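What follows is a set of notes on a single structure, which appears directly below.
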Amino acid sequence: MAASMSEKLHIVIVGAGIGGLALAVALTHFKLDDFVEVDIYESASELKQVGAGITMFPRSWEILRSFGLEEGLVARMQEDQKGALRKELRRVFMYRKSDQKEGALIADVLMKGGVITFHRADVQDVLLQHVSPNIRFHLSHRLVRYSQGNDKVHLEFKNGVTATCDVLVAADGINSVCRGILLAGQKSVSEIEGSQLGRPVWSGIYVYRSLIDSDVIRKQNPNHPSLSMPMMYIGKNKHVVTYPISQGKFINAAPMVVHPNKEGTYVDGPPIIQNTTDGFMSEYQGWEDLVQIILKNMTNTSRWAVQTVNPLDTYVSGRVILIGDAAHAMTPYLGSGAGQAIEDAYVLSNLIAKSVLGGRVDISKIASAHNSVRKPFGNFVAEASRIQGKRCGFSIPGFEDILPGDIVSSEKLEELGKALAGAFDWTHESAADDLERALSML
């Protein structure tokens, strides 16, 4: 699958979420317009991010800076988060055992650079501002099938449109059509069977999402920690995640209720319900006042069934490359789903740039190098996030007998706190070494 660069390399990106847009920005940053032609196909009728908060660790921030996005994103930051740019010692999360009247500190996780929080729409806006005008967007185009042959990928969309490309980058999310087709080819089964193999599974977690005006909380408790820092209020199989976004104007609130016996099953009904009325607040009776204030001020709350992807043996097949949630959708406990999509874009864009600027493209080498680096790491982060969720729900060895509201010894909480903090160690390490390893494979 080697090709000279007598004509442009045609790349199609399916999906305009964080991963797809990050790849478009990265390709723009390399100034590849003379060498690469890019089309982005998106099923939605408008570019609008679903969800509220998004977190960035130093590992992801370094990548975004390399894409030339620092100035635009800094303008969307809270003032007190700008210490992250200087890699000052900052908070990642503060964990409290909150399923009791008087909460108890478990861990105050600090590291250089800490974590930066944004409204997801703000990140999308900045990404869109940095996409080359030569990259074409096609909205209301839902991919239903692709096939490979004659050195091209052939695409079919629900609206009847067809297209071809040299490389298909599948950034089509948790419900990826491309993942099912890739698995069908890998397992030598029908597309219907592949679709079933690639079907997202339920983690057993419902997350309830709401944005709260910070002034509302400030009036009731001017020193509430959720106003100024990322918080994890945890208890037996329940948690409440909060952090400030939009320069502190809002608190992103996300109570989570876990049904451990449902992990690995399929969602029954719609995975997202807007303005839910399922009475989830009753799950937090007896929790400390810091949590009660958050819960009683949640409005327009949506319920999301947190789905994941079973670990894939490969993220690539021929000229098709999966990135983001299509490849490694994960639980939110390490705040790294978007960061891993950005990392996919970082590695893949650099591989493409080195190839086309070098005057010769071998798509099989690009795909293989990307997969060799990103598949094991993406799968690692997904599993690490899953285990972190078990820690947050007191569902790890040594904590099985703890019931909701039980008082836990300070020694056991300290042990738990060390494990919770240690799970973030990799997030402040640079991805540059992984990139260099991928580039050396070309």
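The values are calculated or read from the model by the stated rules, or taken from the named source; none is laboratory data. Everything numeric here is computed off the predicted structure, so don't read it as measured data. Cβ placement follows ideal geometry from the backbone for every residue including glycine, while neighbour counts extend to all protein chains displayed. In case anyone asks, the SASA skips ligands and DNA or RNA and just uses the protein heavy atoms, side chains included. Shrake-Rupley method; radii C 1.70, N 1.55, O 1.52, S 1.80 Å.
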Consider S98 carefully, then state whether it is open to solvent by less than 10 Å² (accessible area, probe 1.4 Å) and in contact with a helix residue (DSSP H, G or I) (Cβ under 8 Å, 6 or more places away or on another chain).
yes
Of the residues in the stretch 426-436 that are open to solvent by 80 Å² or more (accessible area, probe 1.4 Å) and either at pLDDT below 95 or of a type in the set (S, T, N, Q) (or both), the one that is nearest to V109 (Cα to Cα) is H428
On the given criteria, is S140 at pLDDT 90 or above, within 27 Å of V347 (Cβ to Cβ), among the polar types (S, T, N, Q) and open to solvent by 20 Å² or more (accessible area, probe 1.4 Å)? no
Checking V347, V361, V373, V381 in turn, the sole residue that is in contact with a helix residue (DSSP H, G or I) (Cβ under 7 Å, 6 or more places away or on another chain) and assigned to a strand (DSSP E or B) turns out to be V361
For this session: Report whether or not I387 is of a type in the set (V, I, T), part of a loop (DSSP other than H, G, I, E, B) and not assigned by the TED database to the domain that holds K238.
Result: no
Inside the stretch 43-72, the number of residues satisfying the requirement of being in contact with a Lys or Arg (Cβ under 9 Å, 6 or more places away or on another chain) and open to solvent by less than 30 Å² (accessible area, probe 1.4 Å) is 5
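Test S210 against the stated conditions and say whether it is of a type outside the set (K, R) and open to solvent by 30 Å² or more (accessible area, probe 1.4 Å). Even if it seems obvious, please write down each step before you answer.
Details: of a type outside the set (K, R): yes; open to solvent by 30 Å² or more (accessible area, probe 1.4 Å): no.
No; evaluated as a whole, the condition is false for this residue.
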Given (1) in the same structural domain as Q129 (by the TED database); (2) open to solvent by 40 Å² or more (accessible area, probe 1.4 Å); (3) in a loop (DSSP other than H, G, I, E, B); (4) farther than 25 Å from L211 by Cβ, L32 misses just (2)
query = Mind checking whether some residue in the stretch 301-315 is more than 26 Å from S60 (Cα to Cα), of a type outside the set (S, T, Y) and not assigned by the TED database to the domain that holds M56?
reply = yes
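Scan the stretch 385-394 for residues that are open to solvent by 20 Å² or more (accessible area, probe 1.4 Å) and out of contact with any strand residue (DSSP E or B) (no Cβ under 8 Å at 6 or more places or on another chain) and report the count.
3
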Checked the stretch 319-375 for anything buried (at least 24 other Cβ atoms within 10 Å of the Cβ) and on the phi > 0 side of the Ramachandran plot; matches are G324, G335
Of the residues in the stretch 148-202, those that are in contact with a helix residue (DSSP H, G or I) (Cβ under 7 Å, 6 or more places away or on another chain), among the basic types (K, R) and within 21 Å of L348 (Cα to Cα) come to R179
Considering the stretch 105-129, residues that are in contact with a Leu (Cβ under 6 Å, 6 or more places away or on another chain) and open to solvent by less than 60 Å² (accessible area, probe 1.4 Å), and then whichever is nearest to Q186 (Cα to Cα), we arrive at L127
Among L439, L403, the single one that is over 16 Å from H239 (Cα atoms), open to solvent by 20 Å² or more (accessible area, probe 1.4 Å) and not hydroxyl-bearing (S, T, Y) is L439
